[in-house]
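For reference, the structure discussed in these notes is given below.
The values are calculated or read from the model by the stated rules, or taken from the named source; none is laboratory data. Please read all numbers here as calculations on a predicted model, not as lab measurements. Heads up, the Cβs are rebuilt from the backbone with ideal geometry, glycines too, and the neighbour counts pull from every protein chain shown. Keep in mind that these areas ignore ligands, DNA and RNA; they rest on the heavy atoms of the full protein, side chains included. Shrake-Rupley method; radii C 1.70, N 1.55, O 1.52, S 1.80 Å.
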Amino acid sequence: MFTFAIKRFALAALILVVAVTVMFLMIRAVPGDPVTIMLWPRATPELKERLIAEMALDQSLPKQLLIFFSGLLRGDMGVDVFSGRSVTTIVFEQLPHTLKLIFSAIAWSATLGIGLGCYAAAHPNTWIDRAAAAISVSFIAAPAFVVALLSLLVFAVQLQWFPAIGVGDGFWDEVHHLVLPSLAIGLSWVGYIARLVRASMLEVLGENHIRTARAFGLSERRIVGIYALRIAILPVVTVIGVGMGFLLSSAVFTEIVFARPGLGKLVIDSITTRNYPIVMGAVLVSTALFVLSTALADLINAILDPRARTAN
């Protein structure tokens, strides 16, 4: 298991290095003078020269890449053009808000989706199964931005059950503010997870060890909840790990609609002001989260199913 984990995280580190390199080259390939664009209202020759020196734009491209990676190893992602603050500090101030939004959405959508999928698989080809299928497809077909706007209008504006904007102050106030944003990005995942669990569960319920458990007189609830679910949930873990990238992209729109701080809103604001160091830092952290979540999903699969350790 230790060897498997080392291989997976080494591969994740390699993928991250390649992704960061490509991102760095793409930003450098954007047409126009980045210094003039960033300093446009105050682009005096003195400020331009200072910014060029600070960003090492007077060096060759390989040297710029080497300087960037050496800074990353020290935890330095550069300096904000406008405030002069560390990009690392700014990004990690916003990161907790995005993580709270994503993990709250994953928690409730996975719980509901797994429960719905298991219940449908335990009652195949019945009205319960058909109703669960209709609900799942309806959730999948609902785009995050539509759910965000409708939930904002209905539950925040008309019914006034939940706050419309902000993050709240204090634990329960933050939870209250998270309900509508997490609903917006998590609703479609209920449908995905439910359909995936149902299909996987039906396959597992037909295997020999499940027939043996039934022959020993174990209750259907115990068979489904303990013996079958442990194997049927493996594809869900993988999908959630890979789906981190989709959740991050959905969080961008959600943070704007609900006026929440976070990485998504930070990136949009930085693109608007052409603040490239902030864009680089925020995208870098988002990429690292995606790569890390994928590696952790593989690790959890290997823990739940030892066969996955020898399959790679």
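Values computed for the structure shown
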item	result
Neighbour cut-off at most 13 other Cβ (10 Å), DSSP loop, chymotrypsin sites (Phe, Trp or Tyr not before Pro), the range 196-299	Phe216
For the range 279-301 and the range 230-252, distance of Cα centres in Å	12 Å
Rough spin-label spacing in nm, given labels placed 7 Å along Cα→Cβ, for Asp76 and Lys63	1.7 nm
Highest to lowest packing among 176-182, 132-138, 156-162, scored as the average C-beta count within 10 Å	176-182, 132-138, 156-162
Carbon + sulfur, % of accessible area of the chain - ligands and nucleic acids excluded, 1.4 Å	69 percent
15 Å Cα-Cα reach of Lys48 towards aspartates and glutamates, excluding residues that sit fewer than 8 places from it in its own chain	Asp33, Asp58, Asp80
Scattering curve values for the range 94-155, log₁₀ I(q)/I(0), Debye with Cα scatterers, q = 0.18, 0.21, 0.24 Å⁻¹	-0.81, -0.96, -1.05
Reachable lysines from Lys100, criterion Cα separation under 30 angstrom, eight or more residues apart if same chain	Lys7, Lys265
Volume per residue that the Cα convex hull of the chain spans, once the total is divided by residue count, Å³	173 Å³
Candidates per trypsin sites (Lys or Arg not before Pro) in the range 69-146, loop by DSSP, up to 15 other Cβ within 10 Å	Arg74, Arg85
Relative contact order of the chain, defined on C-alpha pairs under 8 angstrom at six or more residues apart (%)	25 percent
Folded to 0 to 90 degrees: helix 127-140 orientation relative to the chain principal axis, Cα	10 degrees
Using alpha-carbon coordinates, inclination of helix 244-257 to the longest axis of the chain, degrees	70 degrees
Residues of the range 236-257 with amide N under 17 Å of the 7 Å Cα→Cβ point at Leu149	250-257
Relative contact order (%) - the range 172-312, alpha-carbon pairs under 8 angstrom, separation at least six	24 percent
Rg/Rg_globular for the range 228-293, with Rg_globular taken as 2.2 N^0.38 Å and Rg from C-alpha atoms	1.38
Rounded, prolate or oblate (a/c below 1.5 giving rounded, otherwise prolate when a/b exceeds b/c) for the range 44-185 by Cα gyration tensor	prolate
Ellipticity estimate at 222 nm from DSSP helix runs (n ≥ 4, -39,500 (n - 2.57)) divided over the chain, nearest 500	-23500 deg cm²/dmol
Label-point separation, Gln158 to Ala13 (7 Å along Cα→Cβ), nm	5.4 nm
Heavy-atom accessible area per residue - the chain, 1.4 Å, Å²	53 Å²
Angle in degrees between helix 87-122 and the longest Cα principal axis of the chain, rounded to the nearest 10	20 degrees
Reference-scaled alpha-carbon Rg (2.2 N^0.38 Å with N residues) for the range 144-263	1.43
